[in-house]
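Contents: one structure, followed by commentary.
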Amino acid sequence: MATITEALPLTKQAPQTGIMSWVTTVDHKRIGILYTSTAFAFFLLGGLMALIMRVQLTQSNLKVLSPELYNQLFTMHGTTMIFLFVIPITVGLANYFVPLMIGARDMAFPRLNALGYWLILFAGLVMYSGFLTGDVAAAGWTGYTPLSELRFSANRGIDLWIVGLLLLGASSIMGAINFLVTVWRLRAPGMTINRLPLFVWATVVTSIMVLFATPMLTVGLITLLLDRQFGTGFFALEQGGDPLLWQHLFWFYSHPAVYIMILPAMGIISEVLPVFSRKPIFGYSFVAWSSVAIGFLGFLVWAHHMFATGISQGVNTFFMIASMTIAVPTGVKIFNWIATLWGGSLNFKPPLYFAIGFLSMFIIGGITGVMLAIVPFDWQVHDTYFVVGHLHYVLFGGSVFGIFAGLYYWLPKMSGRLLDERLGKLHFWLMLLGFNLTFFPFHLLGLLGMPRRVYTYGSGLGWDLWNLISTIGSFLVGLAVLVFVYNFTVSIVLRRGAVAGPDPWEGHTLEWATSSPPPPYNFETIPGVHSRRPLWDQRHPRIAAETELAYE
Amino acid sequence: MSAQGHIVRHHRWLSVVLLAIALLIPTATAFAGPPSPLTPASTEATIIRDLYAVVFWIAVGVFVIVEGLLVYSVIRFRRQHPEEVPVQLHGSTPVEVAWTIAPAIIVAVLMLLTLRSMRTLYQIPSGTIQVEVIGHQWWWEFRYPDLGITTANELHIPVGEMVRLRIESVDVIHSFWVPELGGKTDAIPGHTNTTAIQAMKAGRYHGQCAEFCGAQHAQMRIEVVASPPAAFQQWVENQKAAAAAPSDEAARRGQQAFMSSACIGCHTIAGTPAQGKIGPDLTHFASRRTFAGASFETAPQNLAAWIRDPQALKPGTLMPKVDLSEEQINDIVAYLLSLK
């Protein structure tokens, strides 16, 4: 019996460089880069729309934008940030790092993976194509019926929005299946469930949520499209439909979507904090299983968006209790993260700055979230700027700070270059300041009675000052993002950043066991895993032998 | 009693905070202050504010403790030496169980407090005045079925009395909200929601549609006018009367122009051929301080500009531009302002 010593010939040589190599790639790392960079481009667009809106709201009775354009902008801002930025960028990071972290050579279904990415890009182009003809959705990212029905939104914008979201939903489901199969089947020897990095845990829980939640949104979108295009009446009162049905379908997806957006960021934090504290995560099992608890409870809270719709007090009470209960596993996570820092040897690099930024801002979003679950208080502040403040503390203070922590942490692995540290810290402080100046006043505005989604407001209501401060803050956030873009361009695109080497942070997990960037096959030999922190153990064999193994 | 005193003390603190905020606000012109849920003027809004006052301080407590721990650990555990290896602590089950129970207790307390106030909220007594609140793109219709009154954008209620509201919509979803008088209730086509409104003292209360409802959601505002029972009764009598006959020449010409133009297709003026049902009832138009979704003050120049080109003042409004000469516009303004 002869041993095969030559490489198997490829059926057809795939291009290795140039644009075609990116178009045809099925490498999870390249697809991860495509996802991340496309999502970041949409982040810039969504942010630009936010700045234009802030200009319009700087003072009362301004006429910078027409009501129609303002309504289009806030609709597309929300849709973009949720569906084209936060979700795809976390999918992109997971695409790049889940296979590396579990010691696999690629995702389980590489071609499905590529399809998932291209659907995102096309979905974004479909939605944005309306700007060429003025056919842009203007019913809010929530697209409530009957406002989104043909009778009240006659232009094609809503149709483009629906088709875009349907493509995104398909992409999400493909990604979720791929992640689950990959983690289930392709773990390196010794990588038991109990040793999975917490970012992988978060990806698994997120994928399960995507699988259960997305079909409900898809059903809602298809029926709305049928109503608009073929005259069915699922949500039309005159035809025996019910406009309220949409809210149930929509929120059954869109509340879990909040956790789909925050859990991956929590996963990033759970990787960054231990590495930069030089300690293991405090309470691995609690952190992992609290994700599962959040994922489960996340399906039982959707009607807390509907307290004012006239559903019965019994139903309101149920959803209030379920919503508040989520504070328990969330609180557990926060305490475990703080305990991870506690007694550590904190290495203040940009990823740690942003991870701590996540923690401190997410605490505020979590607290206001519990307040909003209180039904009578929600009757007052629902659909006001208080809610807008809350959601930005969760999704910007939480997800976006977490995503930047992930980018500073992992971009050196993806590119082989370190980002400039001083610019990274400048980015952090500008963003923290700008973020709080922009969004903290939103809580006050809500408590002063300002409803959300208004293109203008009257003078003499006491809302001008806080809106002015918010607008100033929003431009600071814009400046902070420009600092990042500059840093990225100089350090990574122009390759002037310091060479990262395989493991610039003294990482714990397997992605740091290979070169930066990793070769197409990831690892020369698939590593064996004996603990939760295989790389830490290599560096500290003596301590590892004493403590690490005892804790599984 | 002591619990009561405790809550009152919280209010004083809250008032100090609010006052500090208010001092930063340029002097209000049209209204006494911001339409804030924190300056309640009804029993319901007060119950909600009281609940908020307790929740606010619990939230502040949680915030201070958790952020304090975070800030302390960030300052205290800064790396001292590059080679430092801290104690590799993997967790502690008793500690983790403790901080699972702690938030559970806080949340349970909040639930109980909330359920207690929910029990007392919106206990609507029978035999009260009833108003049908109907949301339209982008104005509010108020009908008093027992009194035979139909009006728009300004809801009149007697001070102290609880008024039952039946909230509906003829087109998309709106939400009726007057912060100082209580929480919001959605107006959903095909669903009738019931709530109640009450004001403890006379005054004008600003409100606004709170559910995004299309192009002019921002200018779908509400004024609630709470007056002492006698004044309310006077208002009722005035509203029940037929439209005033035009008394001067301009108003008479205005009436003629109105009745011979497209206006009557949408508007009703009781006792005249104008019986349209799409736009607001104008029978006592001039008795209202504002018009077009409580967005503009009822003043001759505003009204003339509005009739000349509604789209210029409120882009997207369903009121079309009607072809009228300047004289006709001025006459119609005179007529409408005579409809006290």
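Bear in mind these aren't lab numbers, they're just calculated from the coordinates by the rules spelled out. These numbers were taken from a predicted model, which means no experiment stands behind them. Positions of Cβ are backbone-derived with ideal geometry, glycine not excepted, and every protein chain shown enters the neighbour counts.
Testing the spin-label approximation: label points 7 Å from Cα along Cα→Cβ at residue A:48 and residue A:26. State their distance in nm.
Label at residue A:48, label at residue A:26, 3.6 nm between them.
For peptide A:459-467, what's the mean number of Cβ atoms from other chains within 10 Å of each residue's Cβ?
Numbers: counts 4, 11, 11, 12, 3, 2, 4, 4, 0.
The shielding value for this peptide is 6.
How many angstrom lie between the Cα centre of segment A:51-80 and the Cα centre of segment A:286-324?
Between the Cα centre of segment A:51-80 and that of segment A:286-324, the gap is 31 Å.
If you line up the long axis of helix A:327-341 against the longest principal axis of chain A, both from Cα atoms, how many degrees apart are they, to the nearest 10?
The helix A:327-341 is inclined about 40 degrees to chain A.
Please identify which residues in segment A:174-205 have an amide N closer than 18 Å to a label point set 7 Å out from the Cα of residue A:538, following the Cα→Cβ vector.
A:188-192, A:196-197
As an exercise, use a Förster radius of 41 Å and the Cβ-Cβ distance of residue B:119 and residue A:211 to find the FRET efficiency, rounded to the nearest 0.05.
0.55
Please compute, for peptide A:241-250, the average count of beta-carbon atoms on other protein chains lying within 10 Å of each residue's beta-carbon. Intermediate results must be reported in sequence, preceding the final value.
Values: counts 1, 4, 7, 6, 0, 1, 3, 0, 0, 0.
The mean count of partner-chain Cβ atoms within 10 Å per residue comes to 2.
Can you tell me the relative contact order of segment B:249-336? Whole percent, Cα pairs under 8 Å, sequence separation 6 or more.
36 percent
May I ask you to derive the FRET efficiency for residue B:278 and residue A:64 from their Cβ-Cβ distance with R0 = 51 Å, giving the value to the nearest 0.05? Walk me through the numbers on the way to the answer.
Values: r = 31 Å, r/R0 = 0.62.
For residue B:278 and residue A:64, the calculated efficiency is 0.95.
List every DSSP H helix in chain B whose Cα atoms extend 20 Å or more along the helix's own long axis and whose mean Kyte-Doolittle hydropathy is at least -1.0.
Correct list, ordered by number: B:2-23, B:43-76, B:93-120.
Where a ≥ b ≥ c are the square roots of the eigenvalues of the C-alpha gyration tensor, would you call segment B:249-336 rounded, which needs a/c under 1.5, or, failing that, prolate if a/b is larger than b/c, or oblate?
The shape class here is rounded.
Please give the helix A:28-57 orientation as an angle from the longest Cα principal axis of chain A, in degrees from 0 to 90, rounded to the nearest 10.
That helix lies at roughly 30 degrees to the long axis.
If one takes the longest principal axis of the Cα atoms in chain A, at what angle in degrees, from 0 to 90 and to the nearest 10, does the Cα axis of helix A:157-185 lie?
30 degrees
Can you give the FRET efficiency to the nearest 0.05 for residue B:262 and residue B:234, using r as the Cβ-Cβ distance and R₀ = 41 Å?
E between residue B:262 and residue B:234, to the nearest 0.05, is 0.75.
Taking each residue of B:46-58 in turn, how many C-beta atoms of other protein chains fall within 10 Å of its C-beta, and what is the average?
3
Provide the gained length on full extension for the span residue B:194 to residue B:81, in nm with one decimal, where the gain is 0.36 nm per separating residue minus the Cα-Cα distance.
Full extension of this stretch gives 34.0 nm more.
For chain B, set up a Gaussian network in which alpha carbons nearer than 10 Å are linked by springs, and say which option among B:90, B:217, B:156 fluctuates the most.
B:90
Taking the DSSP beta bridges in the protein assembly as shown as the whole, what percent of them are antiparallel, to the nearest 5?
Roughly 70 percent of the DSSP beta bridges within the protein assembly as shown come out antiparallel.
For residue B:170, enumerate residues with amide H under 5 Å from its amide H, sequence gap 5+ or separate chain, H modeled in the peptide plane.
B:135
By its C-alpha gyration tensor, with a ≥ b ≥ c as the square roots of the eigenvalues, how is the protein assembly as shown shaped: rounded for a/c under 1.5, else prolate for a/b larger than b/c, else oblate? Walk me through the numbers before you get to the answer.
Values: a/c = 2.40, a/b = 1.80, b/c = 1.33.
Note, shape of the protein assembly as shown comes out prolate.
Scan segment B:76-179 for GluC sites (Glu not before Pro) in coil per DSSP, keeping those whose Cβ has at most 16 other Cβ atoms within 10 Å, and list them by number. Numbers along the way, then the final one.
Numbers: sites: B:83, B:84, B:96, B:132, B:141, B:154, B:161, B:168; in loops: B:83, B:84, B:161.
Listed in order of number, the matching sites are B:83, B:84, B:161.
Can you work out the PRE-style zone for residue A:289? Point 7 Å along Cα to Cβ, and I want the residues of segment A:326-357 with backbone N under 13 Å.
Residues passing the 13 Å test: A:329.
Please say if chain B is rounded, prolate or oblate, where rounded means a/c under 1.5 for a ≥ b ≥ c the square roots of the C-alpha gyration tensor eigenvalues, and otherwise the choice is prolate for a/b larger than b/c and oblate otherwise?
Values: a/c = 2.86, a/b = 2.18, b/c = 1.31.
Because a/c hits 1.5 or more and a/b exceeds b/c, chain B counts as prolate.
Compute the relative contact order of segment A:431-552 as a whole-number percentage, counting only Cα pairs closer than 8 Å that sit 6 or more residues apart in sequence.
21 percent
Quick one: among B:243, B:98, B:274, which has the greatest mean-square fluctuation in a GNM of chain B with alpha-carbon springs under 10 angstrom?
Largest GNM mean-square fluctuation: B:98.
Given H placed on each backbone N at 1.01 Å, which residues far from residue A:417 in sequence or on other chains put an amide H within less than 5 Å of it?
Hits under the 5 Å cutoff: A:500.
For segment A:449-505 and segment A:518-542, what is the centre-to-centre distance using only Cα atoms, to the nearest Å?
37 Å
Give me the distance in nm between label points sitting 7 Å out from Cα along the Cα-to-Cβ direction at residue A:16 and residue A:482, one decimal.
4.1 nm
Need the list of lysines near residue A:29 for cross-linking: C-alpha distance under 22 angstrom, and skip anything on the same chain fewer than eight residues off.
A:12, A:413
Calculate the length of the line joining the C-alpha centroid of segment B:249-270 to that of segment B:117-164, in whole Å.
If we compute the Cα centre of each part, the gap is 29 Å.
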